[in-house]
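Everything on this sheet refers to the single structure shown next.
The values are calculated or read from the model by the stated rules, or taken from the named source; none is laboratory data. It should be emphasised that the depicted structure is a prediction, and the values quoted were computed from it without experimental measurement. Cβ atoms come from the backbone with ideal geometry, glycine included; neighbour counts cover every protein chain shown. Only protein heavy atoms, including side chains, enter the accessible area calculation; ligands, DNA and RNA are left aside. Shrake-Rupley method; radii C 1.70, N 1.55, O 1.52, S 1.80 Å.
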Amino acid sequence: MNKKEIGNIIKRKRIELGLSQKQCAYGICSQPLLSNIEAGNYMPSGDILLKLLSRLGIANLQDISLNEFLPLSSDFKMNEKCELLCRNHEYSRLNNFLLSTDVIESVSELNMQNYYYYLAVSQFQIGNLKEAQQNFNIVLIENNKNIVERLCNSGLGLISAKLGLKKESEDYFCKSFFDLDKIKYEENMNVLFYLKALAQKTLNMYSDSFETIEEAIKFISSHNSHYMLANLYYLAVSITNNKIKKIEYSTNSDLFRNLYKEEVFKKI
């Protein structure tokens, strides 16, 4: 777990929100400590990191927004509005927007998969899991083996986890990650790891979730990306702060040790 990386994420997000170090640190830690964290000189404990990321808006574990937007149609304004609603996490409005006659009539056949993906995401976020399942599955009918289908399999894997269906969840993620290393990298791939780790946490598979988070951090860093790193760190801290005193973990984990501030316990 890289101190410089953590510091850069916090500094970049703080500046993006227009917060001073004093404002960001207030009630959490001292301004000099935050300065050292941002400079990469100090690794914050899990509790401090959780509070800082929460203040900076990295607090919605269920968010499935994308870095690279998927267009709905040739209508620029329509694409722009869909992206804006996604970025602002206005999922109820997004759902109504996508179901409007104007949008439905403007969606091209070429972008139909993207449309049903966003419709499913909006339904998932507002709690309509059955409808979300149906629309994720509509995307999979085409069988194009693209990033949208991988995202849909991951979405179905997360829904299965929420329903307590461990085997089904694992099967969906197997499909989502199949031959992932053989296709051209794009930043939306980072979301696949996050959703898998979140699904494992949902199923109380904490050790597996930590392993996925570490794999994700290595994958993302190896591609010189930062997208989803803050979310992954937040997820890691939320696991250690989930009223769990000891977590059995099967590998030597710098991530676990740095966040939890104690030695890793190995499975016997």
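Some observations on this one:
- Relative to the longest principal axis of the Cα atoms of the chain, the long axis of helix 46-55 lies at roughly 50 degrees.
- Cβ-Cβ FRET estimate between Leu99 and Glu215, R0 fixed at 45 Å, reported to 0.05: 0.75
- Probe 1.4 Å, protein heavy atoms only - accessible area per residue of region 1-120 in square angstrom: 52
- For Lys3, the aspartates and glutamates whose Cα falls under 14 Å of its own Cα, not counting residues fewer than eight places away in the same chain, are Glu38, Asp254.
- In percent, rounded to a whole number, the relative contact order of the chain is 17, using alpha-carbon pairs under 8 Å and six or more apart.
- A 1.4 Å probe over all protein chains sorts Glu214, Glu131 by accessible area into Glu131, Glu214, starting with the largest.
- Each Lys and Arg Cβ is given +1 and each Asp and Glu Cβ -1; about its Cα centre, the chain then shows a dipole of about 1120 debye.
- A 1.4 Å probe, protein heavy atoms only, puts the accessible area of Phe136 near 0 Å².
- Over the residues of the chain, the helix contribution to mean residue ellipticity at 222 nm works out to -19000 deg cm²/dmol, using -39500 (n - 2.57) for each DSSP H run of at least 4.
- Applying 0.36 nm per residue to the separation of Lys182 and Lys77 and subtracting their alpha-carbon distance, the gain on full extension is 34.3 nm.
- Helix axis angle, 76-87 relative to the chain longest principal axis, alpha carbon, degrees: 40
- Helix 189-202 vs. the chain, principal-axis angle (Cα, 0 to 90°, nearest 10): 70
- Label point of Ser20 set 7 angstrom out along Cα-Cβ; within region 28-51, amide nitrogens under 17 Å from it belong to 28-36.
- Length-normalised contact order for region 172-236 - Cα pairs under 8 Å, 6+ apart - percent: 32
- Checked against a 20 Å cut-off, the cross-linked pairs Lys166/Lys201; Lys162/Lys201; Lys4/Lys218; Lys196/Lys218; Lys145/Lys182 all give Cα-Cα distances at or below that limit.
- Computed lengthening from Leu165 to His226, 0.36 nm per intervening residue step minus Cα-Cα distance: 18.8 nm
- Surface accessible to a 1.4 Å probe, Cys29 within the full protein complex, Å²: 30
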